[in-house]
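Asks: Got a structure for you, questions after.
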Amino acid sequence: MICFAAVPAGASTVSSFIAELLVISTVALGCKYLRLPYTIALVAVGLVVGLMRSFYELKVQLTPDLLFVVLLPALLFEAAIHLQLRLVFKNLRTILLLAVPGLLITTAVVGWSLHWLLGLPILPALIFGSLISATDPIAVLALFKQLKAHEDLAVIVEGESLLNDGAAVVLFNLLVAAAMGHSITALQGVGLFLLEAGGGLLLGAALGWLVWKVHEKIDDHLVEMTLSTILAYGSYLLAQQLHTSGVMAVIAAGLLYGNFAMSQSMSSNTRLALGSSWEYLGFLCNSMVFLLIGTQVDLTLLATRAGWIAIAFVVLILARVLAILVLSPWTRLSKAWNAVVVWAGLRGSIAMALAMALDLPEREDILLLTFGCVLLSVFAQGLSIKKLMRFLGMGGKSPGLQLYESQLAELAAHEKALAVLRSRRHKHLLTDDLFEELAGPLELCIQELQKELSSGEKSPEIRQQQLREAHSGMQLAKRW
C-alpha cells in the first residue's frame with residue numbers, strides 16, 4: 001500500500017489503504033473516458049508510483065504470501081463461479097490441451113532456448129519457463145465482452161488461464177525441488193504432477209459439493225455469503241496443508257458452487273447479493289494486483305537487462321505459437337481463433353509471485369526477466385489485441401448491427417419519456433391537452449422505429465445477435 005512517509009505509524013495502514021482505493025477509483029473512472037484497458041492503466045500508474053519511491057513509502061509489497069493466500073483465492077473463486085459448466089465441458093478438450101500439454105511445450109521451448117541463447121543453467125531456465133508460461137488474460141476478457149467475442153472463445157481463454165495457473169504452480173514446485181538437489185525421475189515427476197493437480201481438483205470438488213448440500217438446508221443470505229468465503233479460502237488452505245494444489249482446489253470448488261449451489265439452492269435475493277459481493281471483491285483484488293505489479297518494478301534495473309528481456313519475450317511468444325500449432329490438429333480451432341488465443345495469453349501476477357518466491361543463485365536474473373516479460377506482455381499484447389481481433393473480423397460491429405442497436409436505444413429512450421408523461425398525467429401533474437401535445441410526436445417516433453426494427457430483424461446478423469443475447473439472458477436468469 002502507498003502512504004506518505006510522514007504519516008504516523010498508527011494511521012499509516014488506514015490512510016494507505018484509502019489512498020490505494022482512491023487511485024483505483026480514479027483510474028477506473030479515467031479509463032471510461034480515455035477508452036484504455038483498466039488493468040493496463042493500473043500497471044502504468046503503478047510504474048509512476050514506483051518511480052516516486054523517494055516521496056512515498058510502499059507499505060505493502062506484492063509478496064508470494066499476499067498474492068497466493070490473500071488475493072489469488074478470491075480472484076480464482078470469483079472467476080470460477082461465473083464459468084458455465086455447459087461451455088467448459090463443450091470446450092474441455094481444447095482447454096485441457098492448452099492448459100497442460102501447451103504449458104509443458106512452452107516451458108520446454110523457453111527453458112532450452114534461454115539456456116542456449118543466454119547461458120542460463122538448464123534447471124533455472126526451465127523454472128523460468130514454467131512460471132512465465134502461466135497466462136493471465138483478465139484485461140483481454142473484459143475486451144472480449146466489449147467486442148462481443150464468441151462465448152466459446154472466451155471460455156477457452158479463461159478456462160486455460162484458470163487451469164494452467166494451477167499446472168504452472170505444480171510444475172514450478174517440481175522443478176524447484178529438482179534444482180535444490182532432490183532426486184526426481186521423469187516418471188516420478190509425472191506422478192507427482194498428476195497427484196498434486198488431481199488431488200486439488202478432487203478436494204475442491206468435494207468441498208464444493210458439501211457446501212452446496214449445506215446451502216439446501218438454509219436460507220440466510222449473510223450465512224450463505226460467509227460460507228462462500230470459507231469455501232474459497234478454506235479449500236485453498238486445506239489443499240496446501242494436504243500437499244495438493246490449492247489453485248486447482250479453488251477452481252473446482254468455485255465451478256461446483258457457481259453452477260449448482262448458486263443456481264439451484266439459493267433464493268434470487270441471495271444470488272444477487274452474493275454475486276455482487278464477489279464481483280466487488282474480485283474487482284478490488286484484481287485492481288490491487290495490477291497496481292502492485294507496477295510498484296514492484298524497478299525500471300532502472302530492467303534497463304540493464306533490456307537485451308535479455310527482449311530475447312526472452314520473443315522466445316516466449318514463439319514458444320506459445322509453436323505450442324498452439326502442435327496442438328491445433330486436436331484443438332481444431334480456426335486460424336483466426338488460434339491467433340487470438342496466442343496473443344490473448346498475457347502474463348501477470350502469478351509469474352511475478354513465483355519468481356519472487358525463488359531462493360536460487362540465479363534469482364535476480366529470473367526476477368528481472370520475469371518483470372520485464374510481464375510488462376512487455378501487458379502493454380504490447382494488451383494494447384494490440386483489440387486491433388488484432390478487428391483485423392481478423394472478430395471485433396467491432398457491422399454498420400447494420402450498429403444501426404439496429406442505435407435504433408433500439410432510441411426506441412427505449414422514447415418509451416421511457418412517454419412513460420414519464422403518462423405518470424405525470426396520472427398524478428394530475430399534466431393536463432390532457434398538454435399530454436397530447438407532448439406525447440403525440442413521441443408516439444409517432446416510436447411507431448416509425450418499431451417498423452424499421454421489424455424490417456431489419458430479418459437480417460441473419462441481427463437474428464444471431466438476438467439469439468446470443470437471449471441465451472445470455474436465460475443463463476443470467478437461471479443463475480441470479
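Asks: If the requirement is being among the small types (Gly, Ala, Ser), open to solvent by 30 Å² or more (accessible area, probe 1.4 Å) and within 30 Å of Gly181 (Cβ to Cβ), which of these qualifies: Ala303, Ala357?
Replies: Values: Ala303 fails: within 30 Å of Gly181 (Cβ to Cβ).
Selected residue: Ala357, the only one of Ala303, Ala357 that is among the small types (Gly, Ala, Ser), open to solvent by 30 Å² or more (accessible area, probe 1.4 Å) and within 30 Å of Gly181 (Cβ to Cβ).
Asks: Can you tell me which condition Gly189 does not meet? The list is (1) farther than 23 Å from Thr270 by Cβ; (2) modelled with pLDDT of 90 or more; (3) of a type in the set (Gly, Ala, Ser); (4) in contact with a Leu (Cβ under 7 Å, 6 or more places away or on another chain), and all the others hold.
Replies: Here Gly189 clears every test but (2).
Asks: Shifting gears a bit: Test of understanding: among Ser384, Ser455, which residue is surrounded by fewer than 13 Cβ atoms within 10 Å (Cβ to Cβ) and modelled with pLDDT of 85 or more?
Replies: Values: Ser455 fails: modelled with pLDDT of 85 or more.
Unique residue meeting the criteria: Ser384.
Asks: If I ask for residues that are closer than 19 Å to Gln381 by Cα and of a type in the set (Lys, Arg), which ones from segment 314-369 would you list?
Replies: Arg320, Lys335, Arg347
Asks: Does at least one position in segment 289-296 carry a residue that is open to solvent by 10 Å² or more (accessible area, probe 1.4 Å), of a type outside the set (Val, Ile, Thr) and either at pLDDT 90 or above or more than 24 Å from Met248 (Cβ to Cβ) (or both)?
Replies: Yes, that holds for at least one residue.
Asks: Right, next: What's the total number of residues in segment 266-276 that are in contact (Cβ under 8 Å) with a residue 40 or more places away in the chain, closer than 18 Å to Thr226 by Cβ and assigned to a helix (DSSP H, G or I)?
Replies: Looking only at segment 266-276, we keep the residues that are in contact (Cβ under 8 Å) with a residue 40 or more places away in the chain, and these are 266-275.
Retained after the next criterion (residues that are closer than 18 Å to Thr226 by Cβ): 266-267, 269-275.
Filter again for assigned to a helix (DSSP H, G or I), leaving 269-275.
So the count comes out to 7.
Asks: Restricting to segment 407-423, name every residue that is open to solvent by less than 60 Å² (accessible area, probe 1.4 Å) and either within 11 Å of Glu443 (Cα to Cα) or at pLDDT 85 or above (or both).
Replies: Across segment 407-423, the qualifying residues are Leu411, His414, Ala417, Leu418, Ala419.
Asks: Would you check if there is a residue in segment 319-328 being within 22 Å of Val169 (Cβ to Cβ), surrounded by fewer than 18 Cβ atoms within 10 Å (Cβ to Cβ), out of contact with any Leu (no Cβ under 9 Å at 6 or more places or on another chain) and among the charged types (D, E, K, R)?
Replies: The answer is no; no qualifying residue exists.
Asks: Take Leu346 and decide whether it is in contact (Cβ under 8 Å) with a residue 24 or more places away in the chain, surrounded by fewer than 17 Cβ atoms within 10 Å (Cβ to Cβ) and either part of a loop (DSSP other than H, G, I, E, B) or touching a Gly at 6+ places or on another chain (Cβ under 6 Å) (or both).
Replies: So Leu346 does not fit the description; no.
Asks: Any residue that is surrounded by 13 or more Cβ atoms within 10 Å (Cβ to Cβ) and at pLDDT 70 or above - is there at least one of those in segment 459-469?
Replies: Within segment 459-469, none of the residues are surrounded by 13 or more Cβ atoms within 10 Å (Cβ to Cβ) and at pLDDT 70 or above.
Asks: Just for segment 100-124: of the residues that are buried (at least 24 other Cβ atoms within 10 Å of the Cβ) and among the aliphatic types (A, V, I, L, M), which one is nearest to Ala186 (Cα to Cα)? Before the answer, list the steps.
Replies: Filtering segment 100-124 down to residues buried (at least 24 other Cβ atoms within 10 Å of the Cβ) leaves 102-103, 106-107, 110-111, 114.
With the extra rule that they be among the aliphatic types (A, V, I, L, M), the set shrinks to 103, 110, 114.
On the way: Leu103: 16, Val110: 19, Leu114: 21 Å.
Filtering segment 100-124 for residues that are buried (at least 24 other Cβ atoms within 10 Å of the Cβ) and among the aliphatic types (A, V, I, L, M), the one nearest to Ala186 (Cα to Cα) comes out as Leu103.
Asks: Scan (1) open to solvent by 70 Å² or more (accessible area, probe 1.4 Å); (2) modelled with pLDDT of 85 or more for the single condition Ile218 breaks and write down its number.
Replies: Of the numbered conditions (1) open to solvent by 70 Å² or more (accessible area, probe 1.4 Å); (2) modelled with pLDDT of 85 or more, the odd one out for Ile218 is (1).
Asks: What residue, of Val314, Val378, is surrounded by fewer than 20 Cβ atoms within 10 Å (Cβ to Cβ), closer than 25 Å to Thr107 by Cβ and of a type in the set (A, V, I, L, M, F, W, C)? Reasoning before the result, please.
Replies: Working: Val378 fails: surrounded by fewer than 20 Cβ atoms within 10 Å (Cβ to Cβ).
Sole residue among the options that is surrounded by fewer than 20 Cβ atoms within 10 Å (Cβ to Cβ), closer than 25 Å to Thr107 by Cβ and of a type in the set (A, V, I, L, M, F, W, C): Val314.
Asks: Here's something else I'd like to know. Within segment 177-189, restricting attention to residues that are in a loop (DSSP other than H, G, I, E, B) and not β-branched (Val, Ile, Thr), which residue is least open to solvent (accessible area, probe 1.4 Å)?
Replies: My answer is Gly181.
Asks: On to the next question. Tally time: how many residues in segment 277-309 are in contact (Cβ under 8 Å) with a residue 12 or more places away in the chain, part of a helix (DSSP H, G or I) and within 30 Å of Leu104 (Cβ to Cβ)?
Replies: So the count comes out to 12.
Asks: With the structure loaded, tell me whether Asp365 is outside any helix (DSSP H, G or I), out of contact with any strand residue (DSSP E or B) (no Cβ under 6 Å at 6 or more places or on another chain) and either open to solvent by less than 10 Å² (accessible area, probe 1.4 Å) or not hydrophobic (A, V, I, L, M, F, W, C) (or both) or whether it fails that test.
Replies: Working: outside any helix (DSSP H, G or I): no; out of contact with any strand residue (DSSP E or B) (no Cβ under 6 Å at 6 or more places or on another chain): yes; either open to solvent by less than 10 Å² (accessible area, probe 1.4 Å) or not hydrophobic (A, V, I, L, M, F, W, C) (or both): yes.
Against the criterion (outside any helix (DSSP H, G or I), out of contact with any strand residue (DSSP E or B) (no Cβ under 6 Å at 6 or more places or on another chain) and either open to solvent by less than 10 Å² (accessible area, probe 1.4 Å) or not hydrophobic (A, V, I, L, M, F, W, C) (or both)), Asp365 does not qualify.
Asks: A follow-up question, please. Residues of segment 230-250 being within 20 Å of Leu66 (Cβ to Cβ), open to solvent by less than 60 Å² (accessible area, probe 1.4 Å) and assigned to a helix (DSSP H, G or I), which ones?
Replies: Listed by number, the residues that qualify are Ala232, Tyr233, Gly234, Ser235, Tyr236, Ala239, Gly246, Val247, Ala249, Val250.
Asks: All but one of (1) farther than 19 Å from Glu196 by Cα; (2) part of a helix (DSSP H, G or I); (3) touching a residue at least 40 places away in the same chain (Cβ under 8 Å) hold for Leu255; state the number of the condition that does not hold.
Replies: Looking at each condition in turn, Leu255 falls short on (1).
The values are calculated or read from the model by the stated rules, or taken from the named source; none is laboratory data. In this text the structure is predicted, and so the values were computed from the model without any measurement. All Cβ positions, even for glycine, are placed from backbone atoms using ideal geometry, and neighbour counts span all protein chains on display. These area figures cover heavy atoms from the full protein model, side chains too; ligands, DNA and RNA do not enter into them. Shrake-Rupley method; radii C 1.70, N 1.55, O 1.52, S 1.80 Å.
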